[in-house]
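Everything on this sheet refers to the single structure shown next.
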Amino acid sequence: MADTRRRFNIKPFRAHVPMDKTVAQQTWGALANAIDEIYNRNASQLSFEELYRNAYNLVLHKYGTLLYEGVTQKLHEHLTATAKRLEEVPDSKLLEEISITWAEHQITMIMVRDILMYMDRTYILKERRRPVYELGLHLFRLDVWEHPNVKERASDLLMMAVANERDGRLTDDRTILKQIVAMLLELGQADSSNVYEIDFETPFLGQTQDFYRVESLSFLSRNTATDYVIKAIRWLEEEKDRANALALPLTTESPLQAMIETELIDRHARTLVDMEMSGFAALLKDDTKLTEMRDMYDLFVRVPSSVDFLREALAERIKADGKALISDQEKGASDPPAFVKGVLTMRERYDKIVDVSFRGEKKTRKRMRESFEDFLNVDARAASCLSVYVDELLRVGLRGATEDQITQELNRVIVIFRYLSDKDVFESFYKQHLAKRLLGGRSVSDDAERAMVSQLKAECGYQFTSKLEGMFNDMRISRDLQDSYKSFKRNQESQQSGETSGNIKAVDIEVDVLTNGYWPSQNVPACTLPPQVQDAIDRYTKYYLEKHTGRKLSWQTSAGAAELKATFGNGLENHHRHELIVSTYQMCILLLFNDYDSLTLGQIRTKTHIPDSELRRHLISLCTPKHRILRKGSRGRGISSDDDIFTFNAEYTSKLKRVRIPLVKESSVSKGGDAASGPASAAASAAVSAVNGSIPLPVEEDRRHLVEAAIVRIMKARKSLGHNDLIAEVTRQLSVRFNPPPQFVKKRIESLIEREYLERTLDDHRVYNYVA
């Protein structure tokens with residue numbers, strides 16, 4: 001069988017034939033001519049495949065150095081010729097020619113790089129030499145850009161073009177400037193040099209700083225602060241637009257913006273705030289300048305530290321307005337409600353300024369709050385005035401206001417209440433006012449009363465309002481108890497018949513039973529009541545104690561009111577009747593004149609046991625020209641002595657059937673001044689007398705107890721504590737009611753040490769131990 005398998009013939013290995021030097025030179029000559037043609041823009045006639053193969057063969061046959069050095073020399077020759085050409089170009093065309101030359105050079109180097117790609121990938125990588133494209137950039141920088149008659153002129157022309165733009169004059173095409181800036185950036189990155197920073201960025205930033213330093217000062221000296229703000233914003237926008245148009249890198253744009261902001265804003269911030277008539281401080285006085293202030297804030301916010309000048313101006317304006325309100329109040333130009341209304345108006349005004357002009361910035365809002373706290377807490381004036389205003393609001397209401405509007409007004413009041421550090425002073429006076437409103441039935445709305453207490457509770461916690469809520473609870477229980485007593489009395493009267501003796505045929509009493517710990521203390525001894533009234537009180541006392549064993553009733557005659565049916569006139573035909581609404585003291589005085597035609601001050605005091613100051617005040621109230629129920633024997637506005645005689649005025653008349661006899665102010669009695677009547681309750685008088693800013697003595701006493709209780713509570717839990725830590729913890733716990741001064745806390749610590757609640761450690765006297 002014939003062998004049909006295919007046979008393979010193995011030929012001997014053909015030896016590698018190296019390229020000799022002559023062929024290598026010829027091959028390089030062809031490449032050199034091709035580079036010349038590329039520079040002469042005749043590249044379309046070249047065969048890039050052939051050129052690539054020639055370069056490939058040179059590198060393959062170990063002629064890479066010949067090729068690399070030849071390319072370097074060829075590029076150097078062309079770029080030197082280019083530099084000589086640019087040297088002759090006039091200034092008016094130099095930037096444009098450099099831009100065109102750079103664009104052509106980039107195209108040339110891309111073509112050369114493509115031809116020599118194999119050399120880039122092998123020889124250059126192995127020998128660690130510059131890649132072809134980077135070599136072209138390096139040589140362009142050395143031969144063209146850094147030519148003495150090119151770089152200096154071009155740099156000056158670049159700066160001149162930017163300066164002309166800023167002055168509003170016609171400039172070179174921005175595209176040319178952008179290309180040259182991009183050229184410098186690329187030259188620096190490819191060559192790892194700082195050509196861009198040295199030849200453009202540094203002079204550009206320096207020129208910018210000088211320009212805006214001079215221009216900003218010049219413009220500000222000739223214009224208002226508002227005009228300057230508009231101009232500065234325009235300058236900043238122009239520079240931002242220029243940076244974008246020139247495609248400046250972030251490394252230049254950021255310092256450029258910072259430099260401009262320093263020259264335009266930071267350097268003139270104080271001046272822009274303080275400028276007379278147009279500065280920020282002056283704008284704050286005008287409610288119509290919100291937009292101008294917002295523009296200034298938008299400018300300043302670019303330099304965050306400069307915004308402090310605006311916040312400081314706002315704070316100073318608030319404090320100045322606050323001091324003016326306090327001054328008016330001190331001089332008597334405004335009463336407590338007017339003072340509070342002024343603060344509320346101020347708060348709304350500056351709140352709007354913060355919202356609009358400061359765009360609701362949190363730091364500014366905090367500064368505003370601190371400024372209000374600063375002038376409101378100089379003394380206890382604001383706390384006492386606020387309590388008087390709330391009393392007026394809840395007692396009288398707002399003219400034509402609905403209940404919802406009153407609630408909204410209370411919400412505004414709570415904002416001011418938050419600013420107070422002496423919240424316990426407010427509580428003290430508020431409790432007095434609330435007691436008067438509840439006992440006199442003078443609240444404009446029960447819902448508004450409870451809404452106010454609820455807001456106070458939300459702000460300060462349960463402990464702050466526990467007594468106030470107890471007062472409401474007492475009133476509710478008293479109403480139920482009064483209804484029960486009326487039913488009991490009707491049942492008794494149905495079983496008995498007959499009338500009471502004397503000129504008063506019947507006495508009906510309404511009693512409010514109050515828990516002693518909830519209500520303001522009344523350390524006034526009870527006066528001597530008329531027998532008929534005392535009998536009615538005795539009957540109620542008996543009824544109450546039968547229902548509630550183990551309790552004790554203490555009658556507060558200084559806080560009551562009465563309605564009297566009085567007959568005036570001479571003879572049966574000329575008489576007329578009125579219902580007089582009077583205080584308990586006034587009732588006691590008037591009922592004496594059922595039995596006497598005239599009495600002296602001393603006799604009235606003996607028969608009623610009313611305290612002298614209150615007796616004089618109530619007598620004067622009954623002798624005023626408008627409500628002359630009694631005639632005073634002596635002349636003058638005050639009561640001269642105990643021998644002053646008072647006589648019942650049977651000729652008194654009034655157009656009203658029911659007549660309320662108001663009390664004169666305490667100042668009218670103490671100073672012997674005009675006894676003109678006015679609706680001044682005891683609580684209101686106490687509040688007004690405290691509007692001078694002093695802390696009431698009862699509040700001072702409460703503070704001592706609160707501080708000592710806090711110290712004992714803290715030390716009982718901690719056992720041992722340093723002086724500063726103890727003061728800090730006491731202040732933190734009591735800040736909801738008031739801020740105790742460190743010296744005040746220190747005195748209470750000393751007092752507790754004396755009473756052996758605390759002791760100092762032997763090693764360190766500033767450390768205290770709790771004594772169990």
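A few comments on the model shown:
- Top-ranked residue in the range 707-728 [being of a type in the set (D, E, K, R) and in a helix (DSSP H, G or I); ranked as surrounded by the most Cβ atoms within 10 Å (Cβ to Cβ)]: Glu708
- Leading residue by the ranking (nearest to the chain's Cα centre (by Cα)) among those in the range 90-121 that are among the hydroxyl-bearing types (Ser, Thr, Tyr) and over 18 Å from Glu186 (Cα atoms): Ser92
- Among residues of the range 596-620, those that are crowded, with 18+ Cβ neighbours inside 10 Å and more than 19 Å from Leu529 (Cβ to Cβ), counted: 3
Here's the yes/no breakdown for (1) in contact with a strand residue (DSSP E or B) (Cβ under 8 Å, 6 or more places away or on another chain); (2) basic (Lys, Arg); (3) at pLDDT below 90:
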site	(1), (2), (3)
Leu572	no, no, yes
His575	yes, no, yes
Ile581	yes, no, no
Thr584	yes, no, no
Gly602	no, no, no
Lys626	no, yes, yes
Ser641	no, no, yes
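- Residue check: Ser751 meets all listed conditions (1) in contact with a Pro (Cβ under 8 Å, 6 or more places away or on another chain); (2) more than 28 Å from Leu456 (Cβ to Cβ); (3) not charged (D, E, K, R) but one, namely (1).
- Subset of the range 127-141 [part of a helix (DSSP H, G or I), of a type outside the set (Val, Ile, Thr) and either modelled with pLDDT of 90 or more or in contact with a His (Cβ under 8 Å, 6 or more places away or on another chain) (or both)]: Tyr133, Glu134, Leu135, Gly136, Leu137, His138, Leu139, Phe140, Arg141
- Considering residues of the range 145-181 that are closer than 22 Å to Phe211 by Cα and β-branched (Val, Ile, Thr) only, the residue surrounded by the fewest Cβ atoms within 10 Å (Cβ to Cβ): Thr171
- Extreme residue, surrounded by the fewest Cβ atoms within 10 Å (Cβ to Cβ), among residues of the range 336-360 that are in contact (Cβ under 8 Å) with a residue 24 or more places away in the chain and not in a helix (DSSP H, G or I): Arg359
- Residue list for the range 444-464, filter: among the hydrophobic types (A, V, I, L, M, F, W, C) and within 26 Å of the chain's Cα centre (by Cα): Ala451, Met452, Val453, Leu456, Ala458, Cys460, Phe464
- Per-region count, the range 182-194, residues surrounded by fewer than 22 Cβ atoms within 10 Å (Cβ to Cβ), part of a helix (DSSP H, G or I) and either of a type outside the set (Gly, Ala, Ser) or out of contact with any helix residue (DSSP H, G or I) (no Cβ under 6 Å at 6 or more places or on another chain) (or both): 5
- Test: residue in the range 133-140 that is in the same structural domain as Thr72 (by TED's automatic domain parsing) and free of Cβ contacts under 8 Å to residues at least 24 places away in the same chain: no
- One residue alone among Arg242, Arg213, Arg222 is out of contact with any Pro (no Cβ under 8 Å at 6 or more places or on another chain) and closer than 21 Å to Gln179 by Cα, and that residue is Arg242.
- Among the candidates Leu434, Leu439, Leu420, residue that is closer than 27 Å to Asp351 by Cβ and buried (at least 18 other Cβ atoms within 10 Å of the Cβ): Leu420
- The range 717-732 residues that are free of Cβ contacts under 8 Å to residues at least 24 places away in the same chain, paired with ones that are exposed (fewer than 15 other Cβ atoms within 10 Å of the Cβ) (beta carbon under 6 Å, 6 or more apart): Ile727/Pro742
- Selection status of Ile318, closer than 28 Å to Val181 by Cβ, free of Cβ contacts under 8 Å to residues at least 60 places away in the same chain and surrounded by 14 or more Cβ atoms within 10 Å (Cβ to Cβ): no
- Cβ pairs under 8 Å, 6+ apart, first in the range 604-615 and part of a helix (DSSP H, G or I), second of a type in the set (Gly, Ala, Ser): Ser613/Ser670; Glu614/Ser558
- Residues that are of a type in the set (D, E, K, R) and either assigned to a loop (DSSP other than H, G, I, E, B) or more than 29 Å from Asp143 (Cα to Cα) (or both), drawn from the range 195-217: Asp210, Arg213, Glu215
Let's see how each residue does on (1) touching a Leu at 6+ places or on another chain (Cβ under 8 Å); (2) part of a loop (DSSP other than H, G, I, E, B); (3) modelled with pLDDT of 95 or more:
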site: Asn244; (1), (2), (3): no, no, no
site: Thr251; (1), (2), (3): no, no, no
site: Ser254; (1), (2), (3): no, no, no
site: Met277; (1), (2), (3): no, yes, no
site: Met296; (1), (2), (3): yes, no, yes
site: Asp308; (1), (2), (3): no, no, yes
site: Leu314; (1), (2), (3): yes, no, yes
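- Considered as a group, the residues in the range 530-569 that are touching an Asp or Glu at 6+ places or on another chain (Cβ under 8 Å) and surrounded by fewer than 16 Cβ atoms within 10 Å (Cβ to Cβ) include one that is modelled with the lowest pLDDT, and that residue is Gly569.
- Among the residues of the range 57-97, those identified as more than 22 Å from Lys178 (Cβ to Cβ) and hydrophobic (A, V, I, L, M, F, W, C) are Leu58, Val59, Leu60, Leu66, Leu67, Val71, Leu75, Leu79, Ala81, Ala83.
- Qualifying residues in the range 66-111 (those that are polar (S, T, N, Q) and out of contact with any helix residue (DSSP H, G or I) (no Cβ under 8 Å at 6 or more places or on another chain)) - the one surrounded by the most Cβ atoms within 10 Å (Cβ to Cβ): Gln106
- Restricting attention to the range 456-474, the residues that are surrounded by fewer than 16 Cβ atoms within 10 Å (Cβ to Cβ), in contact (Cβ under 8 Å) with a residue 24 or more places away in the chain and farther than 15 Å from Gly517 by Cβ add up to 2.
The values are calculated or read from the model by the stated rules, or taken from the named source; none is laboratory data. Small disclaimer: the values here were computed from a predicted structure and weren't measured. When we count neighbours, we look across all protein chains shown, and the Cβ atoms used for this are built from the backbone with ideal geometry, even at glycine.
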